[in-house]
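First the structure, in the form of structure tokens, and then the observations on it.
Every number here is computed from the coordinates shown, using simple stated rules; none is lab data. Since the structure is predicted, the reported quantities are computational estimates derived from the model, not experimental observations. Cβ placement follows ideal geometry from the backbone for every residue including glycine, while neighbour counts extend to all protein chains displayed.
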Amino acid sequence: MPSTAIATVEKMLESLPQEAQEQVVEHLREYIMDLQDELRWDTLFKHAQDKLVAAASVPQRFRPYPPA
């Protein structure tokens, strides 16, 4: 079942001429793709950040290289 937000957007789109609908759909498609990309990067960064925090918590004597 579609959400209320989707139903609202659908009604708004239906009120527009066909050409305008196509433009809006194209903008929405691009916007959603950008959001998905940002979410993927946020997830990757979160995992990397967790690993960095874990690595930083390892005592200095166990690190395989001398400090800079």
Residue-by-residue Karplus 3J(HN,Hα) for region 50-57, coefficients 6.51, -1.76, 1.60, Hz, glycine and proline x:
4, 5, 5, 5, 4, 5, 5, 7
Could you check the spin-label model distance between Leu35 and Leu52? Points 7 Å from the Cα along Cα→Cβ, value in nm.
2.7
